[in-house]
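*Asks:* Quick one: structure below, then a few questions.
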Amino acid sequence: MAEGEIHKKLKAIAMMFGKKLVTDLVAREVKFKNIKSVADVVAINIKREEIRIFEAKATKADFLRDKKLKNIDESYYRHCHYFYIICPENIINIEDIPKEYGLLWANLETDEVIIKQKPKKNTGRLKTMFKTTFRNTIKSVTNDLYYHYIIPEFQLPVEYKKRKKRKRKK
């Protein structure tokens, strides 16, 4: 399914908001292999080793379709310290989400963010180690820069090399 313009805009607004939260590193489309999912936006504060994840939802139907968001144990919440859902104004309400999630309403014309509900900090052990999320976030930033800026800007050929899987020793 192609990504819509509203979803792209929400991710850009989430990245700006994450950066304003005294964040050192912000990336979009970060892989979480242990839950076979890709987070829309990840923001990291390196000094505090703090991870914030933002999930963009362009419509109420998009939100309702995403089953993993209904249960905090299946969502990104256990993989970060703070988890947010960002949507256009009046699409998702506080009553629609678990009390642990943050809810951000974005004005798509002004890029203003309204904090409808602050997230509760996840103080438990993260399901994905900080170093793993940090590494995956850096990979995402590098790929984004390389494939969306460097290759188009300098008209370089795209070469994909599949990495060979290592055989594990028993």
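*Asks:* Can you tell which of Ala39, Ile6, Val22 lies farthest toward the positive end of the dipole of the range 6-68, using +1 and -1 charges on the Cβ of basic and acidic side chains (Lys, Arg; Asp, Glu)?
*Replies:* Value: Ile6.
*Asks:* According to a simple spin-label model (label point 7 Å from Cα along Cα-to-Cβ), what is the distance in nm between Asn71 and Leu126?
*Replies:* 2.3 nm
*Asks:* Now, a different point. Which residues in the range 11-47 place their backbone N less than 15 Å from a point set 7 Å from the Cα of Leu145 along the Cα-to-Cβ direction?
*Replies:* 24-28
*Asks:* So what's the back-of-envelope 222 nm ellipticity for the chain, counting only DSSP H runs of four-plus at -39500 (n - 2.57) apiece and dividing by all residues, rounded to 500?
*Replies:* So the helix-based figure for the chain works out to -7500 deg cm²/dmol.
*Asks:* Which pairs break 26 Å Cα to Cα here: Lys116/Lys139; Lys19/Lys118; Lys68/Lys118; Lys9/Lys47?
*Replies:* Beyond 26 Å: Lys116/Lys139; Lys9/Lys47.
*Asks:* Still on this structure, please answer the following. Arrange the residues Val41, Val22, Val141 by how much accessible surface each exposes, largest first, with a 1.4 angstrom probe.
*Replies:* Putting Val41, Val22, Val141 in descending order of accessible area: Val22, Val141, Val41.
*Asks:* Taking only C-alpha pairs under 8 Å that are 6+ residues apart, what is the relative contact order of the range 1-41 in percent?
*Replies:* Result for the range 1-41 is 31 percent.
*Asks:* Given a 10 angstrom Cα cut-off, can you work out which residue in Ala56, Ala106, Ala14 is the most mobile in a GNM of the chain?
*Replies:* Ala106
*Asks:* Accessible surface of Arg52 in the full protein assembly, 1.4 angstrom probe, to the nearest 10 Å²?
*Replies:* 30 Å²
*Asks:* Springs between alpha-carbon pairs under 10 angstrom, Gaussian network model over the chain: which of Tyr101, Tyr84, Tyr149 fluctuates most?
*Replies:* Tyr149
*Asks:* On to the next question. With an 8 Å cut-off on Cα pairs and a minimum separation of 6 or more residues, tell me the relative contact order of the range 46-108 in percent.
*Replies:* Values: 85 pairs, mean separation 22.6, N = 63.
After rounding, I find 36 percent.
*Asks:* Among DSSP bridges having both ends in the range 1-131, what percentage is antiparallel? Round to the nearest 5.
*Replies:* 60 percent
*Asks:* Related question: Mean shadow of the chain, computed from the convex hull of its alpha carbons, in nm²?
*Replies:* Here the figure is 12.3 nm², rounded to one decimal.
*Asks:* Go through Lys68, Lys47, Lys20 and list them by solvent-accessible area, largest first, probe radius 1.4 Å.
*Replies:* Lys47, Lys20, Lys68
*Asks:* Going by alpha carbons, how many degrees (0 to 90, nearest 10) lie between the helix axis of 5-20 and the longest principal axis of the chain?
*Replies:* On a 0 to 90 degree scale, this one is about 90.
*Asks:* Pick out which of Asn34, Asn136, Asn71 has the largest mean-square fluctuation in a Gaussian network model of the chain, springs linking Cα atoms closer than 10 Å.
*Replies:* So, out of Asn34, Asn136, Asn71, the one fluctuating most is Asn34.
*Asks:* Can I ask one more? Report Asp24's accessible area, 1.4 Å probe, all protein chains in place, as a number in Å² to the nearest 10.
*Replies:* Estimated to the nearest 10 Å², Asp24 gives 80 Å².
*Asks:* So how much accessible area does Leu145 have, in Å² to the nearest 10, using a 1.4 Å probe?
*Replies:* Counting only protein heavy atoms, the figure is 90 Å².
*Asks:* Tell me, what is the percent relative contact order of the chain, built from C-alpha pairs under 8 Å that lie six or more residues apart?
*Replies:* 19 percent
*Asks:* Another question about this same structure. If the only charges are +1 at each Lys and Arg Cβ and -1 at each Asp and Glu Cβ, what is the size of the charge dipole of the chain around the Cα centre, to the nearest 20 debye?
*Replies:* For this selection, approximately 1800 debye.
*Asks:* Accessible area per residue of the range 1-123 at 1.4 Å probe, in Å²?
*Replies:* Ligands and nucleic acids excluded, the result is 52 Å² per residue.
*Asks:* With every protein chain kept in the model, how would you rank Glu49, Glu100 by accessible area, 1.4 Å probe, largest at the top? Each step should come with its number before you reach the end.
*Replies:* Numbers: Glu49 100, Glu100 35 Å².
Ranked list, largest accessible area first: Glu49, Glu100.
*Asks:* What net charge do the residues around Pro119 carry, taking every other residue with its C-beta under 9 Å from that of Pro119, with Lys and Arg at +1 and Asp and Glu at -1?
*Replies:* Charge balance in the 9 Å sphere: +3.
*Asks:* Still on this model: Where the Cα atoms of the range 1-81 are projected onto their three principal axes, how long is each span, largest first, in whole Å?
*Replies:* Principal axes ranked by extent give 37, 28, 18 Å for the Cα atoms.
The values are calculated or read from the model by the stated rules, or taken from the named source; none is laboratory data. Not measured: the values here are computed from a predicted model. Note that we place each Cβ from the backbone using ideal geometry, even for glycine, and neighbour counts take in every protein chain shown. Note: areas computed on protein heavy atoms with side chains; ligands, DNA, RNA excluded. Shrake-Rupley method; radii C 1.70, N 1.55, O 1.52, S 1.80 Å.
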